[in-house]
Amino acid sequence: MGFLNAWQRFSPGIGVVGITGLAAMFLSEHYATPVMLLALLLGIAVSFLYEETKCQYGIDFAASHLLKAGVALIGLRVAVADLLALGWQACLLLALAVGSTILIGLTISRLAGMSRYFGALSGGAVGICGASAALAISSVMPNYPGRERDTLLTVIGVTLLSTVAMIMYPILAAKLGLSTYETSLFLGGTIHDVAQVVGAGYSVSTETGDLSTLTKLVRVSYLVPVVLMFVLFLKARKEHTEAHRVPLLPWFLTAFIALMILNSLVTLPETLITGASEVSRFALVMAIAAIGMKSNLRQLLHVGVKPILILVTETAWIALIILLYIKLM
């Protein structure tokens, strides 16, 4: 009886989010547009469904729990061998790039009069893995006013910038005369989303595609320590009552680590990894659609150009760090 009541409570919202996610994926495949951006826009278009309807509970569930499940499953795409194959110098460079990008985000957000939470969200998204990182970081942050607006702005911004980078960065690498290894390090170390890294890398060559994807997966592996540091920071500052309820290691990060270790120790079937990646992707698409449904479009329109300038600055910073290393190497 309890299960039936829960199903009746959550199914309308989950159904709406699922249909919106499927529509976004269909449009993405047929019109070559980033699926995350489409999911956001479609979610915003039907945001009226969240206001005083039976869909609220399911939409809230998708925006929170499906989001965390999707992030957890990313662990199956990363293995310790990836870090070893890339070399300690490159891993250290990527760690420096990620950390400094987050610090730049925090600094310029404060100077621009934006919330430092936005600086953490945008810096983490640019530094690690785009929309997925933004959603993971947002899920452990206090429920401060404007959290969903900041998450939406970050996801929209990094998706657009990542798409532009996918087109322009291979051209820039060719103009700079970068070798295959240098091009792979540049593409995998600077482009925000995994899908755009894959698109950019394989547009150059198969070898570049393989190595740039490996580089990107190393950046993805930094998601766990970064989110954990945010959790520790919130607990230390005790700024918000929500921060006290964040566990030391959230369950989805525990699952991420466990799946990464499993993938490192055991040779898993390719079909399992591919299937888990598709499930993770769809869960994240649904979560972003749900966040779009919960958004207030009027809030987005009043923010101005500051968030875009912050994201562009962070994007330029991480590209500069990687290029400086390549030129000095």
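Inside the range 113-159, residues that are buried (at least 24 other Cβ atoms within 10 Å of the Cβ) and of a type in the set (Phe, Trp, Tyr) make up a count of 1. The residues listed here are Ala23, Ala32, Ala39, Ala62; of these, the one that is modelled with pLDDT of 85 or more and either surrounded by fewer than 23 Cβ atoms within 10 Å (Cβ to Cβ) or of a type in the set (Lys, Arg) (or both) is Ala23. Answer yes or no: is there a residue in the range 238-254 that is buried (at least 19 other Cβ atoms within 10 Å of the Cβ), in a helix (DSSP H, G or I), out of contact with any Asp or Glu (no Cβ under 9 Å at 6 or more places or on another chain) and at pLDDT 80 or above. There is no residue in the range 238-254 that is buried (at least 19 other Cβ atoms within 10 Å of the Cβ), in a helix (DSSP H, G or I), out of contact with any Asp or Glu (no Cβ under 9 Å at 6 or more places or on another chain) and at pLDDT 80 or above.
Of the residues making up the range 184-215, those that are closer than 20 Å to Val126 by Cβ and either of a type in the set (Phe, Trp, Tyr) or modelled with pLDDT of 90 or more (or both) are Ser184, Leu185, Phe186, Leu187, Gly188, Gly189, Thr190, Ile191. Quick one: is Ala200 in a helix (DSSP H, G or I), over 29 Å from Ala136 (Cβ atoms), among the small types (Gly, Ala, Ser) and free of Cβ contacts under 8 Å to residues at least 40 places away in the same chain? No: the conditions fail for Ala200. Checking the stated criteria, Ala85 turns out not to satisfy the condition of being of a type in the set (Gly, Ala, Ser) and in contact with a Ser or Thr (Cβ under 7 Å, 6 or more places away or on another chain). Restricting attention to the range 222-233, does a residue exist that is more than 17 Å from Trp251 (Cα to Cα) and modelled with pLDDT under 85? Yes, some residue in the range 222-233 is more than 17 Å from Trp251 (Cα to Cα) and modelled with pLDDT under 85.
Screening Gly113 on (1) part of a helix (DSSP H, G or I); (2) farther than 24 Å from Ile322 by Cα shows it passes everything except condition (1). Restricting the search to the range 131-166, which residues are closer than 21 Å to Thr33 by Cβ and free of Cβ contacts under 8 Å to residues at least 60 places away in the same chain? Scanning the range 131-166 gives Ala134, Val164, Met166.
Checking each residue in the range 200-212 for being crowded, with 20+ Cβ neighbours inside 10 Å and closer than 22 Å to Val35 by Cα picks out Ala200, Gly201, Gly209, Ser212.
The values are calculated or read from the model by the stated rules, or taken from the named source; none is laboratory data. Just so you know, these numbers come straight off a predicted model, no measurement behind them. Cβ: placed from backbone, ideal geometry, glycine included. Neighbour counts: every protein chain shown.
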